[in-house]
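A short worksheet on the structure shown next.
The values are calculated or read from the model by the stated rules, or taken from the named source; none is laboratory data. Keep in mind that what you see is a predicted model, and the values were worked out from it rather than measured. As a convention, Cβ positions derive from the backbone with ideal geometry for all residues, glycine included, and neighbour counts pool all protein chains shown. These area figures cover heavy atoms from the full protein model, side chains too; ligands, DNA and RNA do not enter into them. Shrake-Rupley method; radii C 1.70, N 1.55, O 1.52, S 1.80 Å.
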Amino acid sequence: EHEIEWWDYDDAEEMAAAVASDIAFVIESAIDARGSAVIALSGGKTPIPIYAKLAEAKIDWKRVTIIPTDDRIVPLGDPLSNVTMIAKTFLPKGARVMPIVSDKAADYKAAGRSADALMQDLHWPLDLCLLGVGADGHTASIFPGSDFDEAIAGPKERRGLGVMPEPLPKDAPVPRVTLSRAAIVSAKALLIAVTGADKRKVIEAAIKQGPSSSYPIGRVLADAELPVDIHWSE
Ligand code: 6PG
């Protein structure tokens, strides 16, 4: 059983500064060790102040590759596109930000295949994965109520990305591509950043439920191969 450590902050700004410096530290360590770093960053609203702070870090950004933990299958530039939100912050710093959805794909299954191909040429395992959590306990685009994650996890060595099969969860109306649970839990550093009491309750319930949790975040925490830091602010 690995340990799960809660890091509590008085406000989101304080959390953003702390999480940004943790991520910067992991990136610098990977660059020192290997000359490059590959990280997966989640979409959503919570991490926006984190990314703003992280972009200020004195890092050799051209040695950093960033992918979204998941993305909606929409054209680049679409307000729903996670890679577009991440690229806005990190492309100007010189980082390599890679989409996991080919918006040229004929259909979203093709987008998933292209995503999987992408994973083959990334350095594996990820140096870091930053996750958010939805109020329903979803993380990345792994939603409760479907064996979706089994469908895409595939054999351990595949690990990669997968396309969410139909039927799409009611609150995920746009088809999505996501890192599989296996891809997420093999990251060398796994961080979660959430705000608000509701999400804290969901995560605490998920931890109590253990490996068979109905919450995807519970399954991730149970499968994580290394200690997990959960950053939380009101
Ligand atoms: C996405 C994210 C998703 C997000 C949660 C929490 O594509 O939206 O990857 O998993 O982390 O939905 O989102 P908020 O931080 O906006 O609450």
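Somewhere in the stretch 63-75, is a residue more than 30 Å from residue 211 (Cα to Cα), under 19 Å from the mean Cα position of the chain (by Cα) and within 16 Å of the ligand (Cβ to nearest atom)?
yes
Taking the conditions exactly as written (surrounded by fewer than 14 Cβ atoms within 10 Å (Cβ to Cβ) and not hydrophobic (A, V, I, L, M, F, W, C)), does residue 47 satisfy them or not?
No; evaluated as a whole, the condition is false for this residue.
State which residue pairs qualify: first residue under 13 Å from residue 15 (Cβ atoms) and inside the stretch 41-56, second residue near the ligand (Cβ under 8 Å from one of its atoms) and open to solvent by 10 Å² or more (accessible area, probe 1.4 Å) in any location, beta carbons under 8 Å apart, and separation of 6 or more residues or different chains.
Once the first residue is under 13 Å from residue 15 (Cβ atoms) and sits in the stretch 41-56, its partners that are near the ligand (Cβ under 8 Å from one of its atoms) and open to solvent by 10 Å² or more (accessible area, probe 1.4 Å) give 46/132; 46/195; 47/132.
Just the residues that are outside any helix (DSSP H, G or I) and either within 16 Å of the ligand (Cβ to nearest atom) or basic (Lys, Arg) (or both), please, taken from the stretch 19-50. It would help to see each step written out before you state the result.
Residues of the stretch 19-50 that are outside any helix (DSSP H, G or I), as a first pass: 35-47.
Hits for the stretch 19-50 are 39, 40, 41, 42, 43, 44, 45, 46, 47.
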